[in-house]
Amino acid sequence: MYDLLTNLLGNQIVAYVIAASLPLIFVLTFVLFAVLAERKVSAHMQDRLGPMRVGWHGIIQTLADMLKLLQKEDIVPEGADRPLFNLAPLLTFLGTYAAFAAIPFAGIYVGSSTAIGIYYITAVSGLVVAGLLLAGWASDNKYSLYGAMRTAAQIVSYEIPTAIAILTMVMVSGTLSLMKISDMQTAHFWNWWILGGPETGIVKFLLIPFMIITFLIYYISSLAEVNRTPFDLPEAESELVSGYHTEYSGMKFAFFFLAEYANMFAVSAIAVTLFLGGFHSPIGYLGHSLGIDWLIPVEQFFWFAFKGTALVFVQMWLRWTLPRVRVDQLMVICWKYLIPYAVVNLIIVGIITLL
Amino acid sequence: MELYDIIFYLIALTVVVSAAIVVGSKNIVRAAYSLLFTFLGVAGIYILLGADFIGVTQLMVYVGGILILLLFGIMLTNKVYSVDIRRENSYIIPSIVIVGIFAAFLIFVMTETNWVTADPTFPNTTVFELGKTLLVHYSIIFEILAIVLLIALIGAATLARNDNKER
Amino acid sequence: MKKYLKNTWDALWTIFIGMKVTWKHLFIPSVTIQYPDEHRPIPDRARNRLYVNIDDCIGCMQCQRACPVDCIDIKTVKALPTDELGLTSKGTKKALWVTQFNIDFAKCMYCQLCVFPCPTECITMTKVFEFSEYEREKLLYNFSNLTLSEVKEKEENYAKFMEKKAAEKAAAAKAKAAAEAKAKQESEKKDNDNKPSSEEKDS
Amino acid sequence: MAHVGLTHFLILSAILFSLGIYAIVVRKNAIMVMMGIELVLNSANINFIAFAHFGNYGISGQIVSLVVIILAAAEAAVALAIVLNLFKTYSHINVDEVNKLKE
């Protein structure tokens, strides 16, 4: 992609900037639709209708909301630490957006071709914790601080099962590069890692149940990492007003909102890349059969966005199915269930791959 | 390599300025968040030096671990609402003089020594080589590190535990 | 160990059951009524905005007295005997001009207590409930059908009438007093002729 | 300004090291002292990696810095536990006033 842009524009730096801002366009469009989808899905699951008045079936409701947020007065609480208060939403969004640098959207587009993509993504998610903790502290509000402390404890704890699940996949595939992991699962869906990947023979069938367990562990702990229900204690409306972003309004609140939804897509995208074939089509490419070369990246991008959005939909589905867990239950789920399963799973998968 | 130079100077400026804020800031939470930028800048320096794995490890351990730990320490040991943070520094001027002399000496040594250098290479990734070296030549160190980490964790948990027997 | 595994399995299985339920509900038609476009039928005895049929009002002020929040403000002027006020629909004769009948809906709490005491059933609850306004003054409803000049006229008429009446009364009283005094004088004349003027002054 | 070479990185690390030492010497708050230690460790790491990059010593420098990072993590955990204990005993964490081993 860089080479293409560099040749097109004749300037390396401009090419870098454009290539770096492509995910931003995707994130913004995704958030516009995801917020509406969240409201619609929640409404229909509760036999309601959701927003109906702005546009046909409320289709531009999010746009109207964004306009409203942009016009809102920017309020900073009196006791707040002003520079840190302003820094927090930026830091949170930075941590989320930095993860998009290593996610391969299509065969020709990945922000950074680094060979340690998945490790990098795991690392930069630490910035989100710092941002949220900062938001809670700088707000000078005890509910915000409670929310922030809960976020930090929760994300730091759930990073362990996430990391072990990712480690399992790294061990099976033998690379840290998300692009290479994607390319291992070419074309048809029986090559997806959740169905044993490109392994052959008995190993493939032995791997399937453990891959499904790995996927479940990753998915559950990623839910906790992006603070979605049933793990949304940090922003529990009924007890902490709305946690770390209680005091934020207007544009800064929009940044938190953006970061939250972008994060939802980021973890889904990692799940898709690791387990569900990445950007590869499950049923073969139309571009190959028609002989049109430029159609293939478009198809790849479509499949990637489709799979990612499907997993985001499952997150929303779970949100309106499950109640919120208590703090002690949260820790029990992490330390007593997810981590032992993840470790045992890691060892078993290791033995299977040695076969 | 002009872009390389510009990026180096930008990152070096970030590192030095944010480290100065860490050292000089009166507000301890601001110091901690300034430290975050120092860590990010140092990670950038590592990546500029072709050590991508170390750079990301720096990000993971320092930003995701140590900084959060420091912040927890700050929030648990200071009364957050009443500003009870001990602010004043001691012996500022003698310290500045001595540290300044020390820094000047260090920089003198660094610039005047004729270092033996080779042409730098930028490997695509260092992970493979690192892993091989770590598990072949440095395997005992690797194991000892694991044990040290385990002991440190157990020790930390024991130290920070509430002793209910005393009450 | 067995319990541990069973716990895990139960957790996953019950999550899937819950997800099945929500999935079904995703396709159940929603029960929402889009309010400004569609209305639910309002029950017959619902208590909403008050309406006063001013033609039937006899100005008895019973509703004003019944109101617990004093949102009704009625002023009346007595009619002249020559005025033809007509009858209410129930056949009661009206004797008062209702010059002011204000209901402040910003205060009204829709308790319906004003409706029951009305002898002519002229104040009633209607089904209108959407009458929000941008300015509070617009919630002060005036039900009186007399214009300001008419009100002034009635008041002046009544004042004149009262003056006239008072004058008549005074004259009558004077006449009566004079007659009485005369009678007394006449009766006293027979006894004593000394003080006729003081008696006249007193009356 | 010259082409960025080994010396630039070494000077950067020297400045960082001095700042860290200054923080350790001047600050009274134990957590600020810990931050100073982190700065010093980072500057040492920069040196190791710069020599590994510009020198002819292969990848060993990076391994040493990896070891330093891991030890820093262990150190931070233990130091935080000690600081918490100090706070429990003295209800402050000023290192110059911590002068009793036993109550």
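The values are calculated or read from the model by the stated rules, or taken from the named source; none is laboratory data. Computed from a predicted structure; not experimentally measured. Virtual Cβ from ideal backbone geometry, glycine too; neighbours counted across all protein chains shown. In case anyone asks, the SASA skips ligands and DNA or RNA and just uses the protein heavy atoms, side chains included. Shrake-Rupley method; radii C 1.70, N 1.55, O 1.52, S 1.80 Å.
Key figures
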{"read-out": "Pair list, Cβ under 8 Å, 6 or more apart: region A:40-51 residue part of a loop (DSSP other than H, G, I, E, B), other residue among the β-branched types (Val, Ile, Thr) and open to solvent by 20 Å² or more (accessible area, probe 1.4 Å)", "value": "A:47/C:28; A:47/C:31; A:47/C:32; A:48/C:31; A:48/C:32; A:49/C:32"}
{"read-out": "Test for residue B:73: is it modelled with pLDDT under 85, under 30 Å from residue B:27 (Cβ atoms) and open to solvent by less than 20 Å² (accessible area, probe 1.4 Å)", "value": "yes"}
{"read-out": "Condition met for residue D:40 (closer than 19 Å to residue B:96 by Cβ, more than 7 Å from every other protein chain (Cβ to nearest Cβ), open to solvent by less than 40 Å² (accessible area, probe 1.4 Å) and hydrophobic (A, V, I, L, M, F, W, C))", "value": "yes"}
{"read-out": "Identity of the residue in region A:41-87, among the polar types (S, T, N, Q) and under 18 Å from residue C:30 (Cβ atoms), that ends up surrounded by the most Cβ atoms within 10 Å (Cβ to Cβ)", "value": "A:61"}
{"read-out": "Residue tally, condition over 22 Å from residue C:150 (Cβ atoms) and either open to solvent by less than 30 Å² (accessible area, probe 1.4 Å) or part of a strand (DSSP E or B) (or both), over region C:66-114", "value": "6"}
{"read-out": "Residue satisfying condition, being within 14 Å of chain C (Cβ to nearest Cβ) and among the hydrophobic types (A, V, I, L, M, F, W, C), within set A:349, A:332, A:272, A:267", "value": "A:332"}
{"read-out": "Out of A:123, A:98, A:165, sole residue that is part of a helix (DSSP H, G or I), within 11 Å of chain B (Cβ to nearest Cβ) and farther than 14 Å from residue B:127 by Cβ", "value": "A:98"}
{"read-out": "Among residues of region B:1-59, those that are closer than 17 Å to residue D:24 by Cα and under 16 Å from the mean Cα position of the chain (by Cα), counted", "value": "12"}
{"read-out": "Residue within region A:147-159 that is open to solvent by 30 Å² or more (accessible area, probe 1.4 Å), more than 10 Å from chain B (Cβ to nearest Cβ), in a helix (DSSP H, G or I) and under 26 Å from residue A:332 (Cα atoms) present", "value": "yes"}
{"read-out": "Enumeration of residues in region B:20-64 that are of a type in the set (Gly, Ala, Ser) and either at the interface with chain A (Cβ under 8 Å from one of its Cβ atoms) or in contact with a Gly (Cβ under 6 Å, 6 or more places away or on another chain) (or both)", "value": "B:43, B:64"}
{"read-out": "In region D:28-37, residue nearest to residue D:96 (Cα to Cα) [restricted to those that are touching a residue at least 12 places away in the same chain (Cβ under 8 Å) and facing another protein chain (nearest Cβ under 7 Å)]", "value": "D:28"}
{"read-out": "Subset of region A:210-230 (residues that are open to solvent by 20 Å² or more (accessible area, probe 1.4 Å) and among the small types (Gly, Ala, Ser))", "value": "none"}
{"read-out": "Residue ID - nearest to residue A:228 (Cα to Cα), chosen from residues in region A:19-34 that are touching a helix residue (DSSP H, G or I) at 6+ places or on another chain (Cβ under 7 Å) and open to solvent by less than 50 Å² (accessible area, probe 1.4 Å)", "value": "A:34"}
{"read-out": "Region B:127-150: number of residues that are in a helix (DSSP H, G or I) and at the interface with another protein chain (Cβ under 8 Å from one of its Cβ atoms)", "value": "9"}
{"read-out": "Those helices (runs of 4 or more DSSP H) lying entirely in region A:248-355 with at least 2 residues under 30 Å from residue A:70 (Cβ atoms) and of a type in the set (D, E, K, R)", "value": "A:250-275"}
{"read-out": "Matching entry among D:61, D:20 (being at pLDDT 80 or above, within 26 Å of residue B:156 (Cβ to Cβ), more than 7 Å from every other protein chain (Cβ to nearest Cβ) and buried (at least 18 other Cβ atoms within 10 Å of the Cβ))", "value": "D:20"}
{"read-out": "Residue in region C:11-31 that is away from every other protein chain (no Cβ under 14 Å) and more than 16 Å from the chain's Cα centre (by Cα) present", "value": "no"}
{"read-out": "Selection count, region B:113-149, where residues are open to solvent by less than 100 Å² (accessible area, probe 1.4 Å) and under 19 Å from residue D:66 (Cα atoms)", "value": "20"}
{"read-out": "Pick from region A:234-263, criterion more than 18 Å from the chain's Cα centre (by Cα), within 16 Å of residue A:147 (Cα to Cα) and of a type in the set (A, V, I, L, M, F, W, C), ranking: most open to solvent (accessible area, probe 1.4 Å)", "value": "A:241"}
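Quick grid of which residues meet (1) more than 17 Å from the chain's Cα centre (by Cα); (2) at pLDDT below 85; (3) more than 10 Å from chain B (Cβ to nearest Cβ); (4) open to solvent by 10 Å² or more (accessible area, probe 1.4 Å):
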position: A:110; (1), (2), (3), (4): no, yes, yes, yes
position: A:119; (1), (2), (3), (4): no, no, no, yes
position: A:137; (1), (2), (3), (4): yes, yes, no, yes
position: A:181; (1), (2), (3), (4): yes, yes, yes, no
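For (1) over 12 Å from the mean Cα position of the chain (by Cα); (2) aromatic (Phe, Trp, Tyr); (3) in a loop (DSSP other than H, G, I, E, B); (4) closer than 20 Å to residue B:134 by Cβ, each residue gets a yes or a no:
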position: D:4; (1), (2), (3), (4): yes, no, yes, no
position: D:11; (1), (2), (3), (4): yes, no, no, no
position: D:24; (1), (2), (3), (4): no, no, no, no
position: D:32; (1), (2), (3), (4): no, no, no, no
position: D:44; (1), (2), (3), (4): no, no, no, yes
position: D:63; (1), (2), (3), (4): yes, no, no, yes
position: D:67; (1), (2), (3), (4): yes, no, no, yes
position: D:83; (1), (2), (3), (4): yes, no, no, no
position: D:86; (1), (2), (3), (4): yes, no, no, no
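Okay, residues lined up against (1) within 23 Å of residue A:156 (Cα to Cα); (2) touching a Phe, Trp or Tyr at 6+ places or on another chain (Cβ under 6 Å); (3) among the hydrophobic types (A, V, I, L, M, F, W, C):
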site	(1), (2), (3)
A:291	no, no, no
A:296	no, yes, yes
A:324	yes, no, no
A:337	yes, no, no
A:345	yes, yes, no
